[in-house]
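Engineer: Mind looking over this structure? Questions follow.
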Amino acid sequence: MATTEESKKRLRVLLAHCDQDAHDRGVRYIAEVLQEGGMEVIFIRYRVCEEVVRVAVQEDVDAVGLSFYSSGYSHDIPAVLESLKEKEKDVKLLVGGIIPSDEIDGLLALGVSGIFGPNSRRDEVLECLAS
């Protein structure tokens, strides 16, 4: 019989950062927060959205986090969500970085599970993944 610890599945989270964006301080910080929270973190830089989904499927992750400093989110988020749906990969999608406040409701309506900016608390991110 499995103990409580053995039966608890350790969450696997893919953090992805666009290769064209040199600002990675936030995503590296979140990687550390998640690891300290007991999660396994896979970190990649990607050139095209299909790379994110391929790795998510290959690594059998429970969640994907995308980090943005620039406007690439308006293309990448819908593309990743659509590709995840096509691959029948049901995971939470979290977004971090600089996202204009007037865009947040639309991204949440698309299926983003949580959006976290520079002033987000670490426990907010952990709670989003745990729920």
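Engineer: What's the FRET efficiency of VAL55 with ILE98 using the Cβ-Cβ distance as r and R₀ = 25 Å, to the nearest 0.05?
Structural biologist: Rounded to the nearest 0.05, the efficiency is 0.60.
Engineer: Right, something else. Using a Förster distance of 30 angstrom, determine the FRET efficiency expected from the C-beta separation of SER71 and SER131, and round it to 0.05.
Structural biologist: Values: r = 29 Å, r/R0 = 0.96.
Plugging the Cβ-Cβ distance into 1/(1 + (r/R0)^6) gives 0.55.
Engineer: Which of TYR46, TYR69, TYR29 moves most in a GNM of the chain, Cα contacts under 10 Å?
Structural biologist: Maximum among the listed residues: TYR29.
Engineer: Using Cβ counts within 10 Å as a stand-in for footprinting exposure, how do LEU107, LEU34 rank, fewest first?
Structural biologist: Lowest count first: LEU107, LEU34.
Engineer: Considering the chain as a Gaussian network with a 10 Å cut-off on Cα pairs, which listed residue, ASP21, ASP90, ASP102, attains the greatest mean-square fluctuation?
Structural biologist: The residue that fluctuates most here is ASP102.
Engineer: Excluding the sites themselves, what is the longest stretch of the chain that contains no trypsin sites (Lys or Arg not before Pro) in a DSSP loop with at most 10 other C-beta atoms within 10 Å?
Structural biologist: Formally, the longest exposed-site-free interval is 48-120.
Engineer: Right, here's the next one. With a cut-off of 15 Å, note down the residues of the stretch 63-104 whose backbone N falls inside the zone around a label point 7 Å from the Cα of ASN119 toward its beta carbon.
Structural biologist: Under cut-off, by backbone N: 97-102.
Engineer: What are the GluC sites (Glu not before Pro) within the stretch 66-131 that DSSP puts in a loop, where the Cβ has at most 16 other Cβ atoms within 10 Å? Provide the component values of the computation, followed by the final result.
Structural biologist: Values: sites: GLU82, GLU86, GLU88, GLU103, GLU124, GLU127; in loops: GLU88.
In loop regions of the stretch 66-131 (DSSP not H, G, I, E or B), the sparsely surrounded GluC sites (Glu not before Pro) are GLU88.
Engineer: Classify the stretch 13-130 as rounded, prolate or oblate from the Cα gyration tensor: take a ≥ b ≥ c as the square roots of its eigenvalues, call it rounded if a/c is under 1.5, otherwise prolate when a/b beats b/c and oblate if not.
Structural biologist: Numbers: a/c = 1.24, a/b = 1.05, b/c = 1.18.
Taking the square roots of the gyration eigenvalues as a ≥ b ≥ c, the stretch 13-130 is rounded.
Engineer: Return the aspartates and glutamates within reach of LYS92: Cα separation strictly under 14 angstrom, same-chain partners fewer than 8 residues apart disregarded; answer none if there are no such residues.
Structural biologist: Partners found: ASP60, ASP62, GLU82, GLU127.
Engineer: Follow-up. For the stretch 113-124, just list the computed ³J(HN,Hα) in residue order, Karplus coefficients 6.51, -1.76 and 1.60, θ = phi - 60°, integers in Hz, with x standing in for Gly and Pro.
Structural biologist: 7, x, 10, 10, x, x, 9, 5, 8, 4, 5, 5
Where a number appears in this text, it was derived from the coordinates with a stated rule and is not lab data. Not measured: the values here are computed from a predicted model. Here the Cβ is made from the backbone with ideal geometry for all residues, glycine too, and neighbour counts use every protein chain on show.
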